[in-house]
Structure formats: structure tokens, C-alpha cells
Amino acid sequence: MIAGSGRMAGMPRFVAEVDHNEYLPVGGQVVDAILTVTASGPDLRDPGTVPTAAQVIMIDTSGSMAMPPTKLAEAKRATAVAIDTLREGVAFAVVSGSAVARMVYPAHPAMVPANAQTRPAAKAAVAGLWADGGTAIGRWLDLANWLFASCPTEVRHAILLTDGRNEHERPEDLRRVLAACEGRFVCDSRGIGSGWVAGELRTVASALLGTADGLEHPAQLPAAFQAMTAAAMGKRVADVALRIWTPAGATVRMVKQVFPHVADLTARRSTVSARIGDYPTGAWGAETREYHLSVVLQPDAVGEEVLAARVSLVSAGQLLTERLVLARWTDDTALSTRISPQVAHYTGQAELAAAIQEGLRARETGDVETATARLGRAVQLAAESGHDETAMLLGRVVDVVDAPTGTVRLKRQVSALDAELTDVRSVKTVRVKKEQE
């Protein structure tokens, strides 16, 4: 494992590590590597390094939010907590979402700075919300996009809360809005109750580089809103890109974020030059993320060494950190067949996510055989990787007969909430166990 670090004045310290088996067999072409990036340092606590920021809070106020009334009541309380968590001067707005999107605060489409006057006024406006109408998430996001465009800042963060299926607009309408919002802001989406759809929340999170999750009880909303807002307020570097250079004749086969959750960035490439591409990662605070890079090379002679990729993180055209990924060809099978624990672990984590999603889809369509096989494989992978949280969630949808072999039986009765929680959290990952490193 090799490490490198970079730092700019007023920036956190970025340290990168690369883990991979650089030895390829004769004729081998594919290099897989895990890039671990950690941002830390005293600059994160320096007020002088805080970037400008804006936040939009989108609250579902469709009719179902009144059933039970605690959903809307806790959503109001959560929004008030988020408003109090904003840093002084951060631009913000609150949107009410149903089949249409309406401004809650301020009353007209605009962003206002958080201060001693606007915080209580916003909380008073939120307290007056009522539940009525349907659900059209794309319209909420469209208004949020307009609000962010009206108030340019470095860090742009949105919270989206829904309790229902996006049934009052066509799927293609949501896809169109998400395409327009890509790169404009980050959105964390949350589901409450039992009517939301995991796939829809994951679609929003994937397009807008955010997180998706569900909450089991409305009382969990204030803590969730506080955590999401605090994380956004802790961002110190905006619009960071993963920049990958590859040699002539090479192809980037895949780029995925694999920790803290799986997010495929392959199709998000922005071309810098014929051999350099940028992949968006959003804003960074004090955190660690890991990426799986896979490159296809032109095979070379035994004993030859090439630079398979130069991987860096950049922001505003400035280098934050950089690492090299090397490849060597060998006829020593002991070298070429070594498996990188990091690569193997995250390959399994990506398979785990796919197995859960495929198994739940098969279960929903009545394909018992496929559902049992895929969810059984998920149980096996969760046990192997030590992903205890996922194992517990899977235990809500299947009866585990033998985890090591993936032997399971589908439960006859599964609540809609348990199924959606298992689905939406399928992309959450755990790091390699220390004894494996």
C-alpha cells in the first residue's frame, strides 16, 4: 500500500492510499485498485476556511403525512432543528412538497441568510404547515434547483423528506429534472412511514451525490435532520473531482465509490483531455471515502512496468492529492494470482448490494426461486464481510437456516417498511476488517 498527501492553504489535509496487486499474468490486461482518501487536519476547525453555503429543506406535505399526524409533527420539529443547526449567514429556504412545490419560507422564491430574525420566522412558517395533496418529487427538486441558481454558493445542500411513492408525475419527468440538477447541488433523501420507495430515493441520491435512507419512527426525524445539516455545514472543500489519467490505449472500465456506500461514477466522466477524465465526488469535510478503479491496459512483455493510472483529487483546478497505480507483467503465478484484500472485499460489497436489490425485486414479482437464491447469496456475503447491520435487515425478510452457505427461506409476511429499509440500505458498506488489512 502506498500513500501520498496534498494540501492547499486554507484546505484540509488530503491523504491518499492505493491498494492493489500490481502483478499481471502474461497477456493480462485488467488492473483493479482501491483508492482510500482521508480528509483531516486543523484547518477544518479554522473559521477562515469555511466556504459559502446554502441549504434547501424539502418537506413532504402530501395528505398521507397526516396518517398518523406524528409524521408531519416530527417533520416540522426536524426542520426547526435543521434551521438551528445552520451556521450564521448560511443561505436557506424551506419548500413544501405535494403534487406541487410551494415556498414555506421565505414566502417568495428566494434564499435568505440564517440569523436571529430569519430563524424564528422560518420556524413559525413551518409550524403552520398542513398535509394535503399528492407526491411529485421532481417538482420539489426543480424548485430547489432554481433556488440554488438564484444564490450562488460553494457548498449547496438539500434535504428531501417523503413518505410516499412518486405517483403524481411520470418517471421520465423525474429523470429529466434530476439530469438538470446534476452537479448543481447535493441532496440527501429520507423516507418515513411505509409508503416510500427505496429505488426512488436511491435514484435521487445517485444523481445528486447524496445519501438515501429510511427511518423506522417519526421521532427519529429531528436527529436525522440535525446530522445531515451538521455534515453539510462541516464541508470545507466544494466540487471535488476524482481525476484519472490513463496511458495511450488504456480504458477506464469502472470507477465506483465503494465506501461509505456504493455509487457508480463510471458514466459521470467529464472529459478533460483524451487521456484524462474527471468524476464528481461533491464537497468534502473531515471524512474517509474509498473508490474502486478498474483499468484495461494493452498487454506488455514479461518484466515490463507501466503506469496504469495517475489518480488525483482536484478542486477549482488545484491538486489536493495524487497517487500512481502501477502494473507489471510476470510469469510467476504466485505473484499474479495474489488477491488484494481491499479489492476482494469491495467487490463482494458491490455484489452484496446487487444481490439484495435483485432478490427483493424477484420477491415482489413472485419469483420465489430467484428471490431465495439472491437473498441467500446476500446473507452469505453479509456474513463473510462482517456487515452486521445488513445481516440484521436481511433477517427481517428471510429466515436464515445457515448463513455461511446462504441457505434461507423467504418469510411469508414482510412489512413494506422492512423491505424498503433493506433495499435502501443495500448500498451501505463496511470497511475491511483490521485483521484483513
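The values are calculated or read from the model by the stated rules, or taken from the named source; none is laboratory data. Keep in mind it's a predicted model, so treat the numbers as computed, not measured. Glycine gets a Cβ as well: all are built from the backbone with ideal geometry, and neighbour counts include every protein chain shown. SASA here: full protein model, heavy atoms, side chains in, ligands and nucleic acids out. Shrake-Rupley method; radii C 1.70, N 1.55, O 1.52, S 1.80 Å.
When 139, 165, 156 are checked against the criterion of being farther than 23 Å from residue 281 by Cα and not in a loop (DSSP other than H, G, I, E, B), 139 stands alone in meeting it. Restricting attention to segment 187-214 and to residues that are surrounded by fewer than 22 Cβ atoms within 10 Å (Cβ to Cβ) and aliphatic (A, V, I, L, M), the residue that is nearest to residue 76 (Cα to Cα) turns out to be 197. A count restricted to segment 92-105 and to residues that are open to solvent by 10 Å² or more (accessible area, probe 1.4 Å) and under 16 Å from residue 127 (Cβ atoms) stands at 4.
For residue 318, indicate whether it is open to solvent by 40 Å² or more (accessible area, probe 1.4 Å) and of a type outside the set (Ser, Thr, Tyr).
When the stated conditions are applied, residue 318 passes them.
The residue of segment 123-151 that is least open to solvent (accessible area, probe 1.4 Å), among those that are under 29 Å from residue 169 (Cα atoms) and without any contact (Cβ under 8 Å) to a residue 40 or more places away in the chain, is 136.
Inspect all residues belonging to segment 366-382 and state whether any of them is open to solvent by less than 20 Å² (accessible area, probe 1.4 Å), hydroxyl-bearing (Ser, Thr, Tyr) and either within 22 Å of residue 191 (Cα to Cα) or modelled with pLDDT of 95 or more (or both). Within segment 366-382 (the criterion being open to solvent by less than 20 Å² (accessible area, probe 1.4 Å), hydroxyl-bearing (Ser, Thr, Tyr) and either within 22 Å of residue 191 (Cα to Cα) or modelled with pLDDT of 95 or more (or both)), the answer is no, since none of the residues qualifies.
Counting only strands (runs of 3 or more DSSP E) that fall entirely inside segment 249-313 and contain at least 1 residues that are under 23 Å from residue 348 (Cβ atoms), in contact with a Lys or Arg (Cβ under 8 Å, 6 or more places away or on another chain) and open to solvent by less than 30 Å² (accessible area, probe 1.4 Å), the qualifying elements are 251-259, 276-284, 287-296. Scanning segment 325-336 for residues that are in contact (Cβ under 8 Å) with a residue 24 or more places away in the chain, over 12 Å from residue 31 (Cα atoms) and either in contact with an Asp or Glu (Cβ under 6 Å, 6 or more places away or on another chain) or open to solvent by 40 Å² or more (accessible area, probe 1.4 Å) (or both) yields a total of 4.
You will find that of 398, 430, 414, the residue that is of a type in the set (A, V, I, L, M) and crowded, with 22+ Cβ neighbours inside 10 Å is 398 and no other. State whether the residues of segment 369-388 include one that is of a type in the set (Val, Ile, Thr) and touching an Asp or Glu at 6+ places or on another chain (Cβ under 6 Å). Among the residues of segment 369-388, not one is of a type in the set (Val, Ile, Thr) and touching an Asp or Glu at 6+ places or on another chain (Cβ under 6 Å), which makes the answer no. For the structure I just gave you, tell me whether residue 133 is in contact with a helix residue (DSSP H, G or I) (Cβ under 9 Å, 6 or more places away or on another chain) and part of a loop (DSSP other than H, G, I, E, B). Yes: the conditions hold for residue 133.
Look at (1) out of contact with any strand residue (DSSP E or B) (no Cβ under 7 Å at 6 or more places or on another chain); (2) surrounded by fewer than 17 Cβ atoms within 10 Å (Cβ to Cβ); (3) in a loop (DSSP other than H, G, I, E, B) and you find that residue 89 fails only one, number (1). Among the residues of segment 67-86, the one identified as assigned to a loop (DSSP other than H, G, I, E, B) and open to solvent by less than 50 Å² (accessible area, probe 1.4 Å) is 86.
Taken together, the residues in segment 341-362 that are open to solvent by less than 10 Å² (accessible area, probe 1.4 Å) and either under 18 Å from residue 289 (Cα atoms) or within 18 Å of the chain's Cα centre (by Cα) (or both) amount to 5.
Residues are listed down the side, and each one gets a yes or a no for (1) at pLDDT below 95; (2) part of a helix (DSSP H, G or I); (3) touching a strand residue (DSSP E or B) at 6+ places or on another chain (Cβ under 7 Å):
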| residue | (1), (2), (3) |
| --- | --- |
| 190 | no, no, yes |
| 201 | no, yes, yes |
| 214 | no, no, yes |
| 220 | no, yes, no |
| 228 | no, yes, yes |
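Among the residues making up segment 50-66, those that are out of contact with any Gly (no Cβ under 7 Å at 6 or more places or on another chain) and crowded, with 21+ Cβ neighbours inside 10 Å are 53, 54, 55, 56, 57, 65. The residues of segment 23-49 that are at pLDDT 95 or above and either surrounded by fewer than 19 Cβ atoms within 10 Å (Cβ to Cβ) or hydroxyl-bearing (Ser, Thr, Tyr) (or both), listed by number, are 23, 25, 26, 27, 28, 29, 30, 36, 38.
Yes or no, residue by residue, for (1) within 30 Å of residue 317 (Cβ to Cβ); (2) touching an Asp or Glu at 6+ places or on another chain (Cβ under 7 Å); (3) of a type in the set (D, E, K, R):
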residue: 163; (1), (2), (3): no, yes, yes
residue: 194; (1), (2), (3): no, no, no
residue: 202; (1), (2), (3): no, no, yes
residue: 215; (1), (2), (3): no, no, no
residue: 220; (1), (2), (3): no, no, no
residue: 240; (1), (2), (3): yes, no, no
residue: 244; (1), (2), (3): yes, no, no
residue: 251; (1), (2), (3): yes, no, no
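With respect to (1) of a type in the set (Gly, Ala, Ser); (2) touching a helix residue (DSSP H, G or I) at 6+ places or on another chain (Cβ under 9 Å); (3) at positive phi; (4) without any contact (Cβ under 8 Å) to a residue 24 or more places away in the chain, the lone exception for residue 366 is condition (2).
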